[in-house]
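Here the structure comes first, spelled out in structure tokens, and everything after it is commentary.
Every number here is computed from the coordinates shown, using simple stated rules; none is lab data. On a predicted model such as this, the values are computed, not experimentally measured, just so you know. Please note: Cβ atoms are built from the backbone with ideal geometry, for glycine as well, and neighbour counts cover all protein chains shown.
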């Protein structure tokens, strides 16, 4: 009996590429470990399918080609459906599974029939597909490797963040006299007037409660950029991205966040840095003096397939399993616990730990990024219970009610348990809706009369300039308050925007 030619390995590489390529596209928004399980499952699945085809089909070249055709059918369906979902023809929505999947099945069936019955002289084609599969896999591997190298340089502090703000040294100060500084990022938290206009949610009670505590809330605040990494790289370094480098695309945003000028200046004064596990790797400063993270049994969780990460759900949705994932059956929801539940638990943990930070050694710079209200689906009801909802209204308002309550409790606890009145900045890194993306919430607690330097149209690029001028004897000039919108598809194509408000 003739042995099968296992040198025809391209079906396995093509299946593996489905996961590796998706990791490569999303690597800047995830940690590599979140994609490892998907890569292994894709490789093992492809190997098993290939073995089955080789066992059932005598012609080794047809077996490999049919297997590759099936791999394409299985792993490409979700991509195809995502590109045509909701498309209408003559007023009829044809971008639905009921139309797309049968068509996809017919295409697969016809292609499989042709390969099995008609295809001849496949040796050259199979060898060419071997080469193509290698090239396809190498491209995202290089992309991932390059990004991981840059990430390593950022998180280990081997990158270089030059001084662009003009910070000067300060006379020696006794640590016991320095105020703690809290930088609390509520991801995607919109400005009050935009909440009322676009979502009919009156947030004035929360604003009044913050003001009663002593916060100043600028009525015309805007973020400087439309995305978290752009926004925080700017605010923590007190400069616009365009001011870092003539080629803004060359700016290492992660390095600018993790090893920011604000951090370097404060640690130079003896501050301890406190950072939290946020679920977004580029805001997790793991080399902080105190890195607060919820313990995760990594080994055991790797074999727990009842809890998928957000990347794994994304990967499932690129395959034919999207049909199953979107069935929304009670059985499936029980088996595959929504990854947003992990985010829910992390946010509760962050709030609990934030209220405990006053007990850490002083002085400290506390940086916390809370991934809420962030995006759809929303995960909190007004009482703080886990409740998934993709409907913005009233789900956004319900989530904000709970976030407001926990935020207010946290800052009241921090102020009450701080021997020296702390400096607190609560900020949405940007707004929520695309049309008003830059209109964000900012609230400042500047003790001992410091609020007099604040003004209604302030943007985050000037926040730490005012902190350091007011409390650390700096003389940094304020920059023009400008907002630059850009889309995820073209994040460095900045357009100046401004939203009207009633100061």
key: Contact order normalised by residue count of the range 418-475, Cα under 8 Å, 6+ apart, percent   = 26 percent
Fully extended contour minus Cα-Cα distance, from residue 79 to residue 114, at 0.36 nm per residue = 10.2 nm
Kirkwood-Stokes translational diffusion coefficient of the range 10-149, alpha-carbon pairs, 10 °C, 1.306 mPa s, µm²/s = 95 µm²/s
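How far, in nm, would the chain grow between residue 148 and residue 457 when pulled straight, counting 0.36 nm per residue and subtracting the alpha carbon separation?
Computed gain between residue 148 and residue 457 is 107.4 nm.
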query = By counting other Cβ atoms within 10 Å of each Cβ, how are 413, 16 ranked from fewest to most?
reply = 413, 16
message = Tell me the relative contact order for the chain as a rounded percent, counting alpha carbon contacts under 8 Å between residues six or more apart.
response = 22 percent
ask   = What is the extension gain from residue 482 to residue 413, computed as 0.36 nm multiplied by their sequence separation minus the C-alpha to C-alpha distance, in nm to one decimal?
value = 21.5 nm
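Under the rule of -39500 (n - 2.57) per DSSP H run of 4 or more residues, summed and divided by the residues of the chain, what mean residue ellipticity at 222 nm is obtained, to the nearest 500 deg cm²/dmol?
-14500 deg cm²/dmol
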key: Sorted peptide list for 455-461, 199-205, 80-86, criterion being average Cβ within 10 angstrom, highest first   = 455-461, 199-205, 80-86
inquiry  = Over the range 10-149, what is the relative contact order in percent, taking alpha-carbon pairs closer than 8 angstrom and at least six residues apart?
reply    = 37 percent
message = I need the peptides 189-198, 252-261 ranked by packing, meaning the mean over residues of other C-beta atoms within 10 angstrom, with the highest value on top.
response = 252-261, 189-198
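Normalise the Cα radius of gyration of the range 204-296 by 2.2 N^0.38 Å (N = residues in it) and let me know the number.
1.29
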note = Fewest-first ordering of 464, 402 by Cβ atoms within 10 Å yields 402, 464
message = Give me Rg/Rg_expected for the range 166-232, where Rg uses Cα atoms only and Rg_expected = 2.2 N^0.38 Å with N residues.
response = 1.54
task = Restricting things to alpha carbons, tell me how big the range 368-503 is in terms of Rg and Dmax, in Å.
result = 17.3, 48
inquiry  = Taking the beta-carbon count within 10 Å as an exposure proxy, list 285, 100, 379, 139 from fewest neighbours to most.
reply    = 139, 100, 285, 379
query = Residues of the range 472-499 with amide nitrogen under 12 Å from the 7 Å Cα-to-Cβ point of residue 248?
reply = 482-487, 490-497
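Given a Förster distance of 25 angstrom, what is the FRET efficiency for residue 36 paired with residue 321, based on the Cβ-Cβ distance and rounded to 0.05? The partial results should precede the final answer.
Details: r = 19 Å, r/R0 = 0.75.
Computed FRET efficiency for residue 36 and residue 321: 0.85.
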task = Would you list the P(r) distribution for the chain, with all Cα-Cα distances sorted into 20 Å bins from 0 and each bin expressed as a whole %?
result = 20, 48, 25, 7, 0
message = Could you order the peptides 113-122, 50-59 from most to least packed, using the average number of other C-beta atoms within 10 Å per residue?
response = 50-59, 113-122
